[in-house]
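What follows is one structure encoded as structure tokens, with my remarks underneath.
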Amino acid sequence: MSADHRIGPPLTGGERDTLRAFLDYHRATLAMKCEGLGDEELRQRSMPPSTLSLLGLVRHMAEVERAWFHRVFEDREAPMVWSQEIDFQAAYDASAATRAEAFGAWAAEVERSRRIEKEAESLDTTGVQPRWEKEVSLRMVMVHVLLEYARHNGHADFLREGVDGTVGA
């Protein structure tokens, strides 16, 4: 990993700006954890029988972005990125994946999510979570996705250390 170029969340400010900044900070953290590694290193698994890898996390987060922004606010019937069914585990199998494929899909989903969030009138804007058939607010979606990143960035810390000994933010 090179120098830390992430932009920290504001110390003061409104709820929406704070949520947006924390979400982007965690997106940047995942990218930083993968920085400087090739496909083989990114596919390195944590420990048997787990298929968890840094590349698998990137693929999984593309699915999370799609499931929580695109499917909730734009197209409930949109297929997932790596599975025909709603199978978040399918993304973790990165055995044949490449950095270009995984990061390309993730970047596209992140950009779509950012657009959806920016176009929403407020954090109270609602959509329907297709798996639950329940209405959810943009606020809830942003917090949920933020928590997904935070949890998986913890995994990324251990995965990166296992690949090349690199620790830190």
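The values are calculated or read from the model by the stated rules, or taken from the named source; none is laboratory data. In this text, all values refer to a predicted model and were calculated from it rather than measured experimentally. Note: ideal-geometry Cβ built from the backbone for every residue, glycine included; neighbour counts use all protein chains shown. For the accessible areas, the whole protein counts, side chains as well, though only heavy atoms, and no ligand, DNA or RNA atoms are used. Shrake-Rupley method; radii C 1.70, N 1.55, O 1.52, S 1.80 Å.
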Open item on the list: For a quick size check, give me the Cα extents of the stretch 46-122 along its three principal axes, largest first, whole Å.
Closed with: 46, 23, 18
Open item on the list: Can you compute the charge dipole magnitude of the chain about its Cα centre, using +1 on each Lys and Arg Cβ and -1 on each Asp and Glu Cβ, nothing else charged? Give it in debye, rounded to the nearest 20.
Closed with: 180 debye
Open item on the list: Could you check the spin-label model distance between Arg114 and Ala169? Points 7 Å from the Cα along Cα→Cβ, value in nm.
Closed with: 1.9 nm
Open item on the list: If I model a spin label at Arg151 and Asp4 as a point 7 Å from the Cα along the Cα→Cβ vector, what separation in nanometres do I get?
Closed with: 2.4 nm
Task: Accessible-area composition of the stretch 47-169, carbon plus sulfur, in percent [1.4 Å probe] - done: 54 percent
Task: Cleavage-rule hits, GluC sites (Glu not before Pro), the stretch 1-92, DSSP coil, Cβ neighbours within 10 Å at most 10 - done: Glu77, Glu85
Task: ³J(HN,Hα), Karplus 6.51/-1.76/1.60, whole Hz, each residue of the stretch 28-41, x for Gly, Pro - done: 5, 5, 4, 4, 5, 5, 9, 4, x, 9, x, 3, 4, 5
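Compute the FRET efficiency between Ser137 and Asp17 as 1/(1 + (r/R0)^6), taking r as their Cβ-Cβ distance and R0 = 22 Å, and round to the nearest 0.05.
Values: r = 17 Å, r/R0 = 0.76.
About 0.85, to the nearest 0.05.
Mind checking the per residue accessible area of the stretch 1-90 for me, 1.4 Å probe, whole number of Å²? Write out the running numbers ahead of the final one.
On the way: 4530 Å² over 90 residues.
Here the residues of the stretch 1-90 average 50 Å² of exposed surface.
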